[in-house]
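Inspection log for the structure reproduced underneath, given as structure tokens.
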Amino acid sequence: MTDTSSPSGLSRRSLLAGLAAAPIISASAEQSVAQTAGPSWTPQQTKDALKDAKGTKLVLLGTAAGPVPGRSRAMTSHVMLSNGAAYVLDCGLGVTDRFANTGIPFSALRSIFITHHHFDHNVEYGPLLSIGWVQGMPLSVRSFGPPPLKQMTDDFMRAYKQTVDFWAEDFHMKPLTKVEVKEISGAGPVMQDDNVKVSSILVEHPPVKPALAYRFDFKDRSIAFSGDTAPLEAVAKMAKGADVLVHETMYVPAVEKYIKGQIALGRPVKFEAFMAHMNADHTPVEDVGRIAAEAGVKTLVLSHLTPAIDSITDDTWRAPAAKYFKGEIIVGKDLMVV
Ligand SMILES: [Zn+2]
Ligand SMILES: [Zn+2]
């Protein structure tokens, strides 16, 4: 190949622009939705599952990787509901709508956690706070995540102060002026309240530093999240003995097919450089299976799906992980209750 672009010419921007085009490569994506179990639960299914729920529940709000709008799967976000309190992890585009779809009242929202500062994890953080406030979110809500989360929160509040003030005056509400933020820069305890103990570790997601994985130990259930990371021993260690591990997942053959298609269309990207970049930042599904086995978790949830193309069947996602992990494997769907 005579492509003269350098590996360093491969930017995250080109990658993301590419992922945006991915559904076009799969021309039959829409038809294939019917063949799979679909990328999403209906809000009614979610509400029904939560209504009958006993103990702590996890709802996958958005299960797609990358800041790409217009897909059937939303960008990454989750909510855990325990003892009537809601804990949100990551705020990709769609988090507010999906949260509302669960039927969990905004008054239940207690804490928000961010794994790292990529748009598909943080872009709707501010809007969740403001719409949440309009809808009854307590002013005591707290946020946790890597620096500069404090600055980002303050800047957002400043940007929307006038809008908040108009609304507060109109509806006689106490204005949302400030949110308490604790910045998390490394491994260790994050917070503890009457429901849950939360801890974090550092993961590998260059050039993002710090990028975090979190573990939530509720009284009845522990749930670990890899965040975005290359395969990492530390994630298996963190998730040791957890009930649920939600791990980011990349299906390499589909990523390869996609980038080959892009190169054929004349995109100035080198195949090897592109895949090296993906492998430095994300975890192939086989490795996700290995990590889950090593951690000895009960349930593995494949999420943050790369590429988030609906025509990839659940069996295709599951099989490479199942070679190594013999517990329950769930292919993440938006609004699914775990
Ligand atoms: Zn991501
Ligand atoms: Zn990321």
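The values are calculated or read from the model by the stated rules, or taken from the named source; none is laboratory data. Everything numeric here is computed off the predicted structure, so don't read it as measured data. Here Cβ is always computed from backbone atoms with ideal geometry, including for glycine, and neighbour counts include all displayed protein chains. Side chains included, ligands, DNA and RNA excluded: accessible areas come from the protein's heavy atoms. Shrake-Rupley method; radii C 1.70, N 1.55, O 1.52, S 1.80 Å.
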Return a yes/no flag: does segment 159-169 have any residue that is in contact with a helix residue (DSSP H, G or I) (Cβ under 9 Å, 6 or more places away or on another chain), at pLDDT 95 or above, away from ligand 2 (no atom under 16 Å from the Cβ) and within 29 Å of L305 (Cβ to Cβ).
no
Pairs returned, first residue in segment 57-68 that is of a type in the set (D, E, K, R) and assigned to a strand (DSSP E or B), second residue that is open to solvent by 10 Å² or more (accessible area, probe 1.4 Å) and away from ligand 2 (no atom under 14 Å from the Cβ), beta-carbon separation under 7 angstrom, 6 or more apart or interchain, are K57/L50; K57/L81; K57/V337
Which of the numbered conditions does A49 fail, given that it passes all the others? Conditions: (1) within 16 Å of ligand 2 (Cβ to nearest atom); (2) modelled with pLDDT of 95 or more.
(1)
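Here is a list: H121, H116. Which entry is outside any strand (DSSP E or B), open to solvent by less than 50 Å² (accessible area, probe 1.4 Å) and within 28 Å of S311 (Cβ to Cβ)? Steps first, answer last, please.
Numbers: H116 fails: within 28 Å of S311 (Cβ to Cβ).
Step by step, each of H121, H116 is checked, and only H121 is outside any strand (DSSP E or B), open to solvent by less than 50 Å² (accessible area, probe 1.4 Å) and within 28 Å of S311 (Cβ to Cβ).
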Subset of segment 184-208 [part of a loop (DSSP other than H, G, I, E, B), in contact with a strand residue (DSSP E or B) (Cβ under 8 Å, 6 or more places away or on another chain) and away from ligand 1 (no atom under 14 Å from the Cβ)]
I184, G186, A187, D193, N195
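So that you can scan it fast, the table gives a plain yes or no per residue for (1) away from ligand 2 (no atom under 15 Å from the Cβ); (2) over 24 Å from G92 (Cβ atoms); (3) in contact (Cβ under 8 Å) with a residue 12 or more places away in the chain; (4) among the polar types (S, T, N, Q):
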{"position": "P210", "(1), (2), (3), (4)": "no, no, yes, no"}
{"position": "Y214", "(1), (2), (3), (4)": "no, no, yes, no"}
{"position": "F218", "(1), (2), (3), (4)": "yes, no, yes, no"}
{"position": "R221", "(1), (2), (3), (4)": "yes, no, yes, no"}
{"position": "A224", "(1), (2), (3), (4)": "yes, no, yes, no"}
{"position": "V235", "(1), (2), (3), (4)": "no, no, yes, no"}
{"position": "K240", "(1), (2), (3), (4)": "yes, yes, yes, no"}
{"position": "E248", "(1), (2), (3), (4)": "no, no, yes, no"}
{"position": "K270", "(1), (2), (3), (4)": "yes, yes, yes, no"}
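Would you say V288 is surrounded by fewer than 21 Cβ atoms within 10 Å (Cβ to Cβ), at negative phi and touching a His at 6+ places or on another chain (Cβ under 7 Å)? It would help to see each step written out before you state the result.
Details: surrounded by fewer than 21 Cβ atoms within 10 Å (Cβ to Cβ): no; at negative phi: yes; touching a His at 6+ places or on another chain (Cβ under 7 Å): yes.
So V288 does not fit the description; no.
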What are the pairs with Cβ atoms under 9 angstrom where one residue, in segment 93-108, is within 12 Å of Y125 (Cβ to Cβ) and modelled with pLDDT of 95 or more and the other, located anywhere, is surrounded by fewer than 15 Cβ atoms within 10 Å (Cβ to Cβ) and of a type in the set (D, E)? Sequence gap at least six, or different chains.
none
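Tell me, yes or no, whether segment 255-275 has at least one residue that is under 17 Å from R318 (Cα atoms) and of a type outside the set (S, T, Y). Reasoning before the result, please.
So the first thing to find is which residues in segment 255-275 are under 17 Å from R318 (Cα atoms), and the list is 255.
If we keep only those that are of a type outside the set (S, T, Y) as well, we get 255.
Yes, because at least one residue in segment 255-275 is under 17 Å from R318 (Cα atoms) and of a type outside the set (S, T, Y).
Name the residue, out of F216, F274, that is buried (at least 21 other Cβ atoms within 10 Å of the Cβ) and assigned to a helix (DSSP H, G or I).
So the residue among F216, F274 that is buried (at least 21 other Cβ atoms within 10 Å of the Cβ) and assigned to a helix (DSSP H, G or I) is F274.
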Considering (1) surrounded by fewer than 23 Cβ atoms within 10 Å (Cβ to Cβ); (2) more than 21 Å from R142 (Cα to Cα); (3) away from ligand 2 (no atom under 15 Å from the Cβ); (4) not small (G, A, S), say which one D97 fails and leave the rest.
(2)
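Is it true that S130 is more than 16 Å from ligand 2 (Cβ to nearest atom) and of a type in the set (S, T, N, Q)? Spell out how you get there, then give the answer.
Values: more than 16 Å from ligand 2 (Cβ to nearest atom): yes; of a type in the set (S, T, N, Q): yes.
Taking the combined requirement at face value, the residue satisfies it.
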Just to be sure I understand the filter: pairs with C-beta atoms under 7 Å, separated by 6 or more residues or on different chains, first member in segment 174-198 and farther than 22 Å from F218 by Cβ, second member acidic (D, E). Which pairs pass?
P175/D165
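Answer yes or no as to whether G227 is on the phi > 0 side of the Ramachandran plot and away from ligand 1 (no atom under 16 Å from the Cβ). Before the answer, list the steps.
On the way: on the phi > 0 side of the Ramachandran plot: yes; away from ligand 1 (no atom under 16 Å from the Cβ): no.
Taking the combined requirement at face value, the residue does not satisfy it.
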